[in-house]
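A.B. asks: Below you will find the structure I want to go over with you.
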Amino acid sequence: MRHLSFINKIIFAFNILIALLLLVDCLSPYVSVTTISFLPFLALGTPILVIVNVMFLGYWVLKGRRQFILSLIALVCGYLSLGTFIQFNNENNSSKDDLKIMSYNVRQFNSNLNLESKTVFEDIKDLVATSGADIVCFQEASNKYKMKPFDYPYKYISEKPRGQVRTGISIFSKYPIIEAETILFTESVNNGCYADILVSKDTIRVYNLHMQSLGITPGHGIIRNSDSQKLYKKLTSKFYKQETQAEIIAKHSKDVSYRTIITGDFNNNQYSRTYNILKGDRLDSFDEKGSGYGRTFNFHRMPVRIDFMLADPGIEITSHKNFNQVYSDHFPILATFRL
C-alpha cells in the first residue's frame, strides 16, 4: 500500500471492511443467530455488499492495481456460498398439463385501508382468475365470508385457537383437498398450514407459510423511533423465532410420504438461515426459471425477495413469474410444476 496515494489508502481501507463483511456474510445461511447474532442483519444487506464489492473491483481494475484481488476473492466466495440475486432464466417450458401455483400475501385485502384504492379485493380476484392458477396460497387472508367469491371448488382456511390473535392463511384448489391442517407456531401471531391435494392420480402436499414477522413495516417509523439496543434485541429474537419455525416445518415435511412444495411469505431473504433450513435440497422456482431481481416486497424502498416456492427434487419447475401489481405490500409469485 506504500505506493498508493492517501485517498486510495482510505478507499482500500474501506474496501477491506466491505470485503470482510461479505466474507463473514457467507456464514449466514449456515450459522444460527444464537451463535453469531449479527449474521441475519448482514444477510439482509447481502445485495448491497455484493454491489459495493463489484464497484471496488472495477475501480482497482481501472487503476491497474492488484488490490482488486481482495474484492474478487470476496465475490467468488459469496457466489459459491450464497449464489446470485439476479437470474436470467427466461425460458418457459410449461405446458397446459403442468400444475400452476400462486403465492400471495394480500394484507387482508386492504381492509386496513393502507392503499387508497377501494377496489383491491376485486383487483386481486381478477388477477387470480386471469393467472389461471390451479392452487392459490394466500397469507394474511382469513375472512371466510370475504373469500367466498373466489371460484375454487376446494379450499382450506386456517383455524385459530379461541381468544388468540393469528394472521390468517388459506389454500384454494381446483383439485380435491384430501386432508389439511393448521400448524400453529408458539408465541407468535404467525402460522402455517398444509393441504394434501390429489392432482390426477398423484397426491402432493402443499405447505403455505407465514413466518415470524420482524415487526418493522415500512412507514410505521419503528426503526427511526426505537432505541438501537432494544431494536437489536427485538429483531434478534424475531430471527430466532423464524429459525425455530423453519426447523418445525423442515421436520414436519420429512415425515411425509408425498412429494412436497413449500410456498409462502418467509419474512426473510434467500441468504438467511431461515430460508436455508426450509430449502434443504429443494429447488427454488425463481432460481430455476425466474428472471431479473425477483422482488416480492419493498423494504424501505429497497426491493427484496422474501416470498418463495420450493419444490422437492422430484418435481420439475417449468416456469416462474413475478408480478408488479400494487394491491398489497407484497407482490404475488406464480410458478408451474410438472409432477
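A.B. asks: Suppose the filter is in the same structural domain as L115 (by TED's automatic domain parsing), outside any strand (DSSP E or B) and touching a Leu at 6+ places or on another chain (Cβ under 8 Å); does N267 pass it? Can you show your working first?
C.D. replies: On the way: in the same structural domain as L115 (by TED's automatic domain parsing): yes; outside any strand (DSSP E or B): yes; touching a Leu at 6+ places or on another chain (Cβ under 8 Å): yes.
Yes: the conditions hold for N267.
A.B. asks: All but one of (1) modelled with pLDDT of 90 or more; (2) surrounded by fewer than 18 Cβ atoms within 10 Å (Cβ to Cβ); (3) within 20 Å of G192 (Cα to Cα); (4) acidic (D, E) hold for D126; state the number of the condition that does not hold.
C.D. replies: It fails just one condition, (3).
A.B. asks: Filter the stretch 61-79 down to residues that are touching a residue at least 24 places away in the same chain (Cβ under 8 Å) and more than 19 Å from A13 (Cβ to Cβ) and give me whichever is surrounded by the most Cβ atoms within 10 Å (Cβ to Cβ).
C.D. replies: Of the stretch 61-79, the ones touching a residue at least 24 places away in the same chain (Cβ under 8 Å) are 63, 65, 67, 70-71, 73-75, 77-78.
Among the residues that remain, those that are also more than 19 Å from A13 (Cβ to Cβ) are: 77-78.
On the way: C77: 15, G78: 22.
Filtering the stretch 61-79 for residues that are touching a residue at least 24 places away in the same chain (Cβ under 8 Å) and more than 19 Å from A13 (Cβ to Cβ), the one surrounded by the most Cβ atoms within 10 Å (Cβ to Cβ) comes out as G78.
A.B. asks: Could we say that V256 is of a type in the set (A, V, I, L, M), closer than 30 Å to D134 by Cβ, assigned by TED's automatic domain parsing to the domain that holds E316 and modelled with pLDDT under 95 here? It would help to see each step written out before you state the result.
C.D. replies: Numbers: of a type in the set (A, V, I, L, M): yes; closer than 30 Å to D134 by Cβ: yes; assigned by TED's automatic domain parsing to the domain that holds E316: yes; modelled with pLDDT under 95: yes.
So V256 passes the test.
A.B. asks: Got a number for residues in the stretch 124-138 being more than 23 Å from the chain's Cα centre (by Cα) and closer than 20 Å to F297 by Cα?
C.D. replies: Start the filter on the stretch 124-138 by keeping residues that are more than 23 Å from the chain's Cα centre (by Cα), which leaves 126, 129-130.
Narrowing the set further to residues that are closer than 20 Å to F297 by Cα leaves none.
Final tally of qualifying residues: 0.
A.B. asks: Shifting gears a bit: Just the residues that are hydroxyl-bearing (S, T, Y), under 19 Å from S94 (Cβ atoms) and touching an Asp or Glu at 6+ places or on another chain (Cβ under 7 Å), please, taken from the stretch 291-326.
C.D. replies: T318
A.B. asks: Right, here's the next one. Here is a list of conditions, (1) surrounded by 12 or more Cβ atoms within 10 Å (Cβ to Cβ); (2) within 30 Å of N267 (Cβ to Cβ), and G58 meets all of them except one; can you say which number that is?
C.D. replies: With respect to (1) surrounded by 12 or more Cβ atoms within 10 Å (Cβ to Cβ); (2) within 30 Å of N267 (Cβ to Cβ), G58 is out only on (2).
A.B. asks: Within the stretch 126-152, how many residues are out of contact with any strand residue (DSSP E or B) (no Cβ under 8 Å at 6 or more places or on another chain), closer than 13 Å to K174 by Cα and not hydrophobic (A, V, I, L, M, F, W, C)?
C.D. replies: Initially, the stretch 126-152 is screened for residues out of contact with any strand residue (DSSP E or B) (no Cβ under 8 Å at 6 or more places or on another chain), giving 126-127, 129-130, 143, 145-146, 148-149, 151.
With closer than 13 Å to K174 by Cα added as a condition, the list becomes 129, 151.
This time we only want the ones that are not hydrophobic (A, V, I, L, M, F, W, C), so: 151.
Qualifying residue count for the region: 1.
A.B. asks: Further, regarding this structure: Are there any strands (runs of 3 or more DSSP E) wholly within the stretch 297-339 with 1 or more residues that are among the aromatic types (F, W, Y), surrounded by fewer than 19 Cβ atoms within 10 Å (Cβ to Cβ) and touching a residue at least 24 places away in the same chain (Cβ under 8 Å), and if so which?
C.D. replies: Working: elements: 297-299, 302-304, 307-311, 316-322, 333-338.
Result: 297-299.
A.B. asks: Taking the stated definitions as given, is V50 surrounded by 13 or more Cβ atoms within 10 Å (Cβ to Cβ) and touching a residue at least 24 places away in the same chain (Cβ under 8 Å)?
C.D. replies: Yes, satisfied.
A.B. asks: While we're here: Can you find a residue that is in the same structural domain as F297 (by TED's automatic domain parsing), in a helix (DSSP H, G or I) and of a type in the set (D, E) anywhere in the stretch 111-125?
C.D. replies: yes
A.B. asks: Filter the stretch 67-99 down to residues that are of a type in the set (S, T, N, Q) and under 24 Å from T318 (Cα atoms) and give me whichever is farthest from the chain's Cα centre (by Cα). Walk me through how you get there before you give the answer.
C.D. replies: From the stretch 67-99, those of a type in the set (S, T, N, Q) are 67, 71, 81, 84, 87, 89-90, 92-95; that's our starting set.
This time we only want the ones that are under 24 Å from T318 (Cα atoms), so: 84, 87, 89-90, 92-95.
Working: T84: 14, Q87: 15, N89: 18, N90: 20, N92: 22, N93: 23, S94: 23, S95: 26 Å.
Applying the filter and picking the extreme gives S95.
The values are calculated or read from the model by the stated rules, or taken from the named source; none is laboratory data. Predicted model only: the values in this text are computed from it and were never measured. Here Cβ is always computed from backbone atoms with ideal geometry, including for glycine, and neighbour counts include all displayed protein chains.
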